[in-house]
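Below is one structure, written out as structure tokens; the observations come after it.
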Amino acid sequence: MKRRIHKKGKILHRWITVGIVAVCFIPAGTTALGADVREGAADVYHYHPEGKADPFKPFVTIVTEEKEGEKKKVSVPRSPLEKFVVSEFRLTGILWTGTKKIAIVRSPDGKRHLLQRGTAIGINEGTVIEIRPDGVVILEKVKDFAGNTKEERIILALQKNREHP
């Protein structure tokens, strides 16, 4: 009698296992195999460019103004270095490698930038003209109160490290 109960228990256990496997795996498989491709097409993402920036357009455009028959170009910042006044930059280091001289400055937003001779910097069309061991010389166009434009040399000095106790 024990054998019979034990045998029924094994058979019952097998059928329960088969039932669990069937419930878990077969419905998922049948829906994936029998699914219509056109039904899922409504859930597919489609890109709509209206109201979004074109990733292939340049970020900055040059704006021209017309005054009494003459065109005047308005300067627009072309790089992050041209968004701030030169005096807002802090010179943090100078690197000399053979014939190459590089200065490292930190902008007011906390980012570091590399300067070489000829690099544009500042909102007043400044240009790095010389990198010295103790600072950087920048030539900048400045307008006075009368509207006359003159060139001015600005020196960003390298600050000495303070002794920490």
In this structure, is GLY126 assigned by TED's automatic domain parsing to the domain that holds LEU91 and within 30 Å of the chain's Cα centre (by Cα)? yes
Could you run through region 106-141 and say how many residues are touching a His at 6+ places or on another chain (Cβ under 9 Å) and under 14 Å from GLU82 (Cβ atoms)? 3
Having 3 or more residues that are among the aliphatic types (A, V, I, L, M), touching a residue at least 12 places away in the same chain (Cβ under 8 Å) and surrounded by 11 or more Cβ atoms within 10 Å (Cβ to Cβ) is the bar; report the strands (runs of 3 or more DSSP E) wholly within region 87-145 that clear it. 100-106, 126-131, 135-143
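The values are calculated or read from the model by the stated rules, or taken from the named source; none is laboratory data. The structure displayed is predicted, hence computed values, not measured ones. Backbone-built Cβ (ideal geometry, glycine too); neighbour counts: all protein chains shown.
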